[in-house]
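Participant: Dropping a structure here in structure tokens format, bear with me for questions.
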Amino acid sequence: MATPTASLSEGEAALARALTDYIPHVMRQHSTPGLAIAVSQDRRIIYDAGFGYKDIQSRAPMTADTTFFTGSMAKTVVAFAAMQLVEEGVLELDVPVNQYLTAFQIENPLGGGDVTLRHLLTHQTGLSTNPGGGLFPAEQPVPLLEEHLTNSYENAPEFNLLYHGTLSPTWGAPVGEKWQYSNRGTATIGYLVEIMNPDGLSLEAYLDQKVFGPLSMNDTQHPVLITEEYTRADLWERRSLGNTRVGQFLFGDSHKIGLEAPAGGIITTVSDFVRLPMAFIEGGTLDGGTIAAPETIEAMLTPAFDVGDYDQGLMWKLDRDENDHPFRFWHPGGAPNGHTNVFGGWPALGMATVMHTNSWPISSGRYEDMYQIEDFILRWKAEEQELGHPPEFRSWAWKTSYVLALLSVEAEASVGTPRSHFEEYLDTRITLGSVRYGHPSMSNLWDENGFRAGVTDAFPATGEVTMSHIENLANGGLAISKGDFLEIYANLGGAGSMIPNFWE
């Protein structure tokens with residue numbers, strides 16, 4: 001159920017309507033069984049909704065109140081907790097963490113010096129990627145964090161088995177030499193918060209009192225283990241049930257994850273969790289609750305180094321302000337027990353989003369459905385800014401049929417169909433009875449009015465379709481945005497039109 005639009009501005013209500021129309025098409029495209037989303041704008045949640053099912057067997061619906069496990073999005077919360085202690089002078093970024101540890105010590109056998117909190121926060125300890133401590137059958141007991149970390153550092157195997165059956169060395173580089181994403185490193189940060197906070201609180205209690213409480217995140221918990229025993233009953237009962245996807249097959253969750261919970265063990269809702277990036281956008285304060293000084297927020301969102309497609313901040317991933325995409329801080333999260341999620345914020349837009357799906361594609365395409373929705377939101381906001389008012393609402397079916405018409409007319413023009421055949425073309429091509437669908441889901445993408453509009457725009461008022469007319473369409477003559485055209489064009493095969501050539 002979407003957020004009521006009565007309290008929204010015209011633009012916010014228009015975006016909410018556009019998302020409600022668009023998201024089901026993305027889910028069908030990616031075979032996503034269930035999706036929940038929350039969007040904030042200027043310190044307010046303007047949209048939260050659920051689509052599909054939180055439990056595909058019972059057909060229980062996904063809603064904005066459905067709870068889910070964040071996976072690695074939790075890393076940003078645990079990292080932030082450590083930065084709160086840095087702000088208080090309890091921890092320091094650049095001293096050896098072994099000064100704080102008594103149960104075990106961290107020694108990188110490949111050298112490079114002492115591991116610091118900064119190394120842990122930027123994945124530069126030399127630890128290689130590891131699968132979050134592994135999956136355990138539901139009946140098998142799981143050791144708690146200190147016991148696990150002590151064993152992991154003192155009796156580290158030479159190699160770890162990763163999610164896809166490949167082997168990765170426990171230590172892959174000297175300290176500070178190389179970026180290597182590490183669940184164990186983040187679990188160590190959580191352990192530092194637990195043993196060093198002045199109040200002697202457990203990590204769960206610390207986060208409740210210092211992060212979730214001040215931000216009014218009342219449906220959020222960091223349990224000791226991701227099991228029914230340790231999770232609040234009201235949250236466990238509302239949880240989304242995960243599915244591992246292999247092709248079009250979905251396999252339900254039958255495991256628990258627990259060894260390195262600080263790296264991915266928060267349970268929450270989309271409308272609760274979006275409050276964290278909202279607070280970051282506001283410099284550490286939200287609705288009267290303060291969680292940090294602006295300088296701490298700025299430090300976490302300052303690029304430390306380039307890791308390829310993005311910059312690494314203090315735990316946060318940072319998109320650069322380029323290619324029509326404004327600066328964004330973000331982090332994905334998921335687990336092979338069947339969940340993928342992503343969240344983040346665009347400070348320049350005053351906007352934040354959280355998305356959850358109960359599907360873990362085992363081979364490829366992970367997060368693509370959610371990234372696609374994020375891109376849609378950015379395109380919509382850019383078009384609103386360019387126009388000075390909200391874009392006219394047109395359904396995704398209307399837009400798809402519009403592009404289909406453009407491609408059809410270009411194809412006809414290539415064999416010489418003139419304007420004089422326009423009426424005949426309409427009568428023979430776009431009546432619903434003549435449309436054939438290659439897949440049942442395509443019926444959701446047909447809109448006769450959209451097709452008619454596309455045919456009208458594609459044919460010049462007089463004469464035949466020419467290259468000059470196609471160029472005019474590309475340069476301002478389309479009824480939809482360039483971004484929407486390119487997405488639909490790719491979905492329709494990415495061939496058959498000269499229009500994209502004029503954008504290169």
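The values are calculated or read from the model by the stated rules, or taken from the named source; none is laboratory data. Keep in mind it's a predicted model, so treat the numbers as computed, not measured. Every residue, glycine among them, receives a Cβ derived from its backbone with ideal geometry; neighbour counts consider all protein chains shown. SASA here: full protein model, heavy atoms, side chains in, ligands and nucleic acids out. Shrake-Rupley method; radii C 1.70, N 1.55, O 1.52, S 1.80 Å.
Residues are listed down the side, and each one gets a yes or a no for (1) of a type in the set (F, W, Y); (2) farther than 24 Å from S202 by Cβ; (3) modelled with pLDDT of 85 or more:
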| site | (1), (2), (3) |
| --- | --- |
| G133 | no, no, no |
| P143 | no, no, no |
| N151 | no, no, yes |
| Y163 | yes, yes, no |
| T170 | no, yes, yes |
| W179 | yes, yes, yes |
| S182 | no, no, yes |
| I189 | no, no, yes |
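Participant: I'd like to check something: does the stretch 39-46 contain any residue that is surrounded by fewer than 16 Cβ atoms within 10 Å (Cβ to Cβ), farther than 16 Å from I377 by Cβ and not hydrophobic (A, V, I, L, M, F, W, C)?
Facilitator: yes
Participant: Quick one: E260 ticks every box in (1) open to solvent by 10 Å² or more (accessible area, probe 1.4 Å); (2) over 23 Å from M62 (Cα atoms); (3) of a type in the set (D, E) bar one, so which box is it?
Facilitator: (1)
Participant: Still on this structure, please answer the following. What number of residues in the stretch 309-323 are more than 25 Å from A263 (Cα to Cα) and either assigned to a strand (DSSP E or B) or small (G, A, S) (or both)?
Facilitator: 1
Participant: Can you work out which of the residues in the stretch 354-407 that are among the small types (G, A, S) and assigned to a helix (DSSP H, G or I) is farthest from H325 (Cα to Cα)?
Facilitator: The qualifying residue farthest from H325 (Cα to Cα) is A405.
Participant: Still on this structure: Taking into account only those residues within the stretch 185-212 that are assigned to a loop (DSSP other than H, G, I, E, B) and without any contact (Cβ under 8 Å) to a residue 60 or more places away in the chain, which is most open to solvent (accessible area, probe 1.4 Å)?
Facilitator: D199
Participant: Now a separate question. When the residues of the stretch 265-291 are narrowed to those that are at positive phi and open to solvent by 10 Å² or more (accessible area, probe 1.4 Å), which ends up farthest from the chain's Cα centre (by Cα)?
Facilitator: G288
Participant: Return the residues of the stretch 320-343 that are farther than 25 Å from S363 by Cα and either of a type outside the set (K, R) or surrounded by 19 or more Cβ atoms within 10 Å (Cβ to Cβ) (or both); say none if nothing qualifies.
Facilitator: D321, E322, N323, D324, H325, P326, F327, R328, F329
Participant: Now for a separate question. Quick one: G493 ticks every box in (1) loosely packed, with under 14 Cβ neighbours inside 10 Å; (2) modelled with pLDDT of 85 or more; (3) not in a loop (DSSP other than H, G, I, E, B) bar one, so which box is it?
Facilitator: That leaves (3) as the condition not met.
One line per residue, one yes/no per condition, for (1) in contact with a strand residue (DSSP E or B) (Cβ under 6 Å, 6 or more places away or on another chain); (2) among the hydroxyl-bearing types (S, T, Y):
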site	(1), (2)
G34	yes, no
V39	yes, no
I46	yes, no
K54	yes, no
Q57	no, no
M62	yes, no
T66	yes, yes
A74	no, no
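Participant: Failed condition for S468, given (1) at pLDDT 85 or above; (2) open to solvent by 40 Å² or more (accessible area, probe 1.4 Å), with all others met?
Facilitator: For S468, the failing item is (1).
Participant: Output the number of residues of the stretch 217-250 satisfying the condition of being free of Cβ contacts under 8 Å to residues at least 40 places away in the same chain and either touching a Pro at 6+ places or on another chain (Cβ under 7 Å) or in a strand (DSSP E or B) (or both).
Facilitator: Residues flagged as free of Cβ contacts under 8 Å to residues at least 40 places away in the same chain and either touching a Pro at 6+ places or on another chain (Cβ under 7 Å) or in a strand (DSSP E or B) (or both) within the stretch 217-250 amount to 3.
Participant: Are there any pairs with C-beta distances below 7 angstrom linking a residue in the stretch 367-378 that is touching a residue at least 12 places away in the same chain (Cβ under 8 Å) to a residue that is assigned to a helix (DSSP H, G or I), with the two at least 6 apart or on different chains, and if so which?
Facilitator: So the pair list comes out as E368/H30; D369/V26; D369/M27; D369/H30; Q372/V26; I373/I23; I373/V26; F376/Y22.
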